[in-house]
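Below is one structure, written out as structure tokens, with a few remarks after it.
Bear in mind these aren't lab numbers, they're just calculated from the coordinates by the rules spelled out. From a predicted model like this one, the values you see are computed outputs, not experimental measurements. With ideal geometry, Cβ positions are generated from the backbone for all residues, glycine too; neighbour counts draw on all protein chains shown.
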Amino acid sequence: MATRPRRPWRVVLDSPTGQSPEAEFTSEAKTYEHVRVELRKAEAGETATTVIRINQWSDGRWWHFETIKPGEWS
């Protein structure tokens, strides 16, 4: 089994110009704090983010945890 990473949560932002580099976090709470900030920016028109993807390390690999689209989540 692969070793658990120090930061087992990842966020990737998608936009018309491509994906952002992965942002990694140590907890679910910190992950969603980052997601809320990015959602506010997208909804205010400060970024072109169209999709936010969250992945979590579990059972020796990265798993898709949630996909969020700005304007569809509160």
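Below are the figures for this structure:
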item: Long-range neighbours under 8 Å by Cβ, at least six apart or interchain, first residue within 11 Å of Arg61 (Cα to Cα) within the range 1-16, second of a type in the set (S, T, N, Q) and surrounded by 11 or more Cβ atoms within 10 Å (Cβ to Cβ); result: Pro8/Thr26; Pro8/Gln56; Pro8/Ser58
item: Those residues of the range 1-58 which are under 19 Å from Pro70 (Cβ atoms), surrounded by 11 or more Cβ atoms within 10 Å (Cβ to Cβ) and of a type in the set (S, T, N, Q), in sequence order; result: Ser15, Gln19, Ser20, Thr31, Thr47, Thr49, Thr50, Asn55
item: Subset of the range 31-64 (residues that are in contact with a Phe, Trp or Tyr (Cβ under 8 Å, 6 or more places away or on another chain), free of Cβ contacts under 8 Å to residues at least 24 places away in the same chain and not in a helix (DSSP H, G or I)); result: Trp63
